[in-house]
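Heads up, the thing below is written out as structure tokens.
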Amino acid sequence: MESIRLVARDGEAVRQALERGEFTHLDTASEEITDEFLLFAIKSGLLKQWAAGFPDPRVWAEISCEVILATELTARFAGIYSQRKSGYVLRSARVLGALGYSVEVLEEGDGLSRYGSAEDQLYSGDVLRKLLGKLERRARIMATDRAAAVPGGAAVKVRERVSRRAVKDPKLDEAKAAAHSAAFARQLLAWYNTKVGPRLLEYAQTGEGRRIHILDATKVEVALEAGNYECSGVVKDDDDGQLKRGYKLGTLRTLLDTAGIITQAVVGQIQTHDSKLCGPLVRAATVLREGDLLLEDRGFLDGAQLTHLKRGRGVDVIVPLRSEMSSSEEAVKLAEMAGKWQRHPTRAAQQIAFVAGVDHVWDECAVPLNACVIRFFNEKKKAIDYIVLVTADLSLRAKWIVRQDLAAAGGRAGLRATNERRLVSEETLQHPLQSNSLLSADGRAQLQPLSLVCQYGCGSALCQPDTTSDCL
């Protein structure tokens, strides 16, 4: 049986050998469209930076982190999540060449490692499993890891199935092993949040202007009866009332001109409240800088955090209020009293109104807030209903606020990758301020987050009330 091995590449030596007609093996390479993503990561230097920052516990390694990361990314693109199968997927000659390797066909039992591989793959799936296992054993357990290891949520009957660890070690302390898993996961997330996400954002060259971020949390479900998913939780779903097991993934997505980058991430048990899960992440996020705008949904509504972001970091927030809140009721009353309703920018059946100063009836919030009230007919209630969006950026007007909230809803839908249809038009995803893409000296796209020039003709950096009657 033939197998493939990576061989360190010397481009000039390869060229000379081909000119002489000397080659070890001739075969058809497998090229995929997703190889372009890998080639971009390699040629841009991002893959090398990610690999250099990876907490590799090995003192010396035959298989570099660059090869492992490239292989695992290829496997994810191919929809393969099994560690044992990931060694089969990297077959692109262009990708291997960009990594600095050539391929050589060997007999069964050979491979990239000196110990060989008994199958037709670059390296055994055990390579990654053992690497991660060593990293897990060396992870330092903190109090938060012990708390995360305690099964949470509703009680549910599980299958009586012994874990692989318990089979290998009958004396295994399951609670301690779960705590090590939590510590290990925290270490990997720290690697992503400090080395991967920020490096992607740095490469995008977003400039010095305002950046817009979307905070989101989504559930990741696993089999309900499988109790061997460490650090998982169980919750009763609000939509169908069924119990579900799994995790909750919180992400901070930084918007570019036509796309976005997940720059920060956090994972917790599925029953964890969105605000509790993502609160520490937002407070410590290095990608948030003074002048940025953070778009949240109701799950993250927290007056104390909004105050901290505005006062402590200079970050503005747009977030919808709950209908039973005093500040929401106050905003609706003021909007109805003023009677200055405008048409919704994308929804003909809805109206919006701007209301200034609604923070005085929200005790937890200590910074000034303005509101955009949305009025519509609720088909379920068969009555007029309202949505109230508040922001700490006092320069924003009603249409600008509602456009950003709709854009955030569209972004969250894309992140969750569900089949749910969102009634968000293409116009909704367009920012009322123009965004420019420039080319830097080396030819790379320099993505500017938003140029502060109104495209509707008023010429103001941020439209003021006395100049926006015709444009916004």
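The values are calculated or read from the model by the stated rules, or taken from the named source; none is laboratory data. These numbers were taken from a predicted model, which means no experiment stands behind them. FYI the Cβ positions are ideal-geometry reconstructions off the backbone, even for glycines, and counts take in every protein chain you see.
Name the residues in segment 292-329 that are in contact with a His (Cβ under 8 Å, 6 or more places away or on another chain) and charged (D, E, K, R), would you?
Matches in segment 292-329: 292 only.
Determine whether segment 289-309 contains at least one residue that is among the small types (Gly, Ala, Ser) and either farther than 24 Å from residue 253 by Cβ or modelled with pLDDT of 95 or more (or both).
Kept after step one, since they are among the small types (Gly, Ala, Ser), are these residues of segment 289-309: 291, 299, 303-304.
Now narrow it down to the ones that are either farther than 24 Å from residue 253 by Cβ or modelled with pLDDT of 95 or more (or both): none.
No.
Tell me which helices (runs of 4 or more DSSP H) are completely within segment 130-195 and hold 2 or more residues being modelled with pLDDT of 85 or more and among the β-branched types (Val, Ile, Thr), or say none if there are none.
On the way: elements: 143-149, 164-168, 174-191.
In segment 130-195, no matching helices (runs of 4 or more DSSP H) lie anywhere.
If I go through segment 353-372 residue by residue, how many of them are β-branched (Val, Ile, Thr) and buried (at least 22 other Cβ atoms within 10 Å of the Cβ)?
2
For segment 360-381, does any single residue satisfy the condition of being among the hydrophobic types (A, V, I, L, M, F, W, C) and touching a Cys at 6+ places or on another chain (Cβ under 9 Å)? Give the steps one after another, and end with the answer.
As a first pass, look at segment 360-381 and keep what is among the hydrophobic types (A, V, I, L, M, F, W, C): 361-362, 365-367, 369, 371-374, 376-377.
Remaining after also requiring touching a Cys at 6+ places or on another chain (Cβ under 9 Å): none.
Scanning segment 360-381, I find no residue that is among the hydrophobic types (A, V, I, L, M, F, W, C) and touching a Cys at 6+ places or on another chain (Cβ under 9 Å), so the answer is no.
Please go through segment 307-326 and give me each residue that is small (Gly, Ala, Ser) and closer than 16 Å to residue 386 by Cβ, ordered by number.
Residues of segment 307-326 small (Gly, Ala, Ser): 312, 314, 323, 326.
Answer for segment 307-326, where residues must be small (Gly, Ala, Ser) and closer than 16 Å to residue 386 by Cβ: 323, 326.
When residues of segment 219-237 are filtered for being buried (at least 19 other Cβ atoms within 10 Å of the Cβ) and hydrophobic (A, V, I, L, M, F, W, C), how many remain?
3
Here is a check on your reading of the model: is residue 393 at pLDDT 90 or above, of a type in the set (D, E, K, R) and part of a strand (DSSP E or B)? Step through it out loud before you land on a result.
Values: at pLDDT 90 or above: yes; of a type in the set (D, E, K, R): yes; part of a strand (DSSP E or B): no.
Taking the combined requirement at face value, the residue does not satisfy it.
Would you say residue 216 is closer than 21 Å to residue 320 by Cβ, without any contact (Cβ under 8 Å) to a residue 60 or more places away in the chain and buried (at least 21 other Cβ atoms within 10 Å of the Cβ)? Walk me through it before giving the result.
On the way: closer than 21 Å to residue 320 by Cβ: yes; without any contact (Cβ under 8 Å) to a residue 60 or more places away in the chain: no; buried (at least 21 other Cβ atoms within 10 Å of the Cβ): yes.
Taking the combined requirement at face value, the residue does not satisfy it.
Restricting attention to segment 251-292, and to residues there that are of a type in the set (S, T, N, Q) and touching a Ser or Thr at 6+ places or on another chain (Cβ under 6 Å), which single residue is farthest from residue 224 (Cα to Cα)?
First, the residues of segment 251-292 that are of a type in the set (S, T, N, Q): 251, 254, 258, 263-264, 269, 271-272, 275, 286.
Subset that is touching a Ser or Thr at 6+ places or on another chain (Cβ under 6 Å): 254, 263.
Numbers: 254: 33, 263: 30 Å.
That would be 254.
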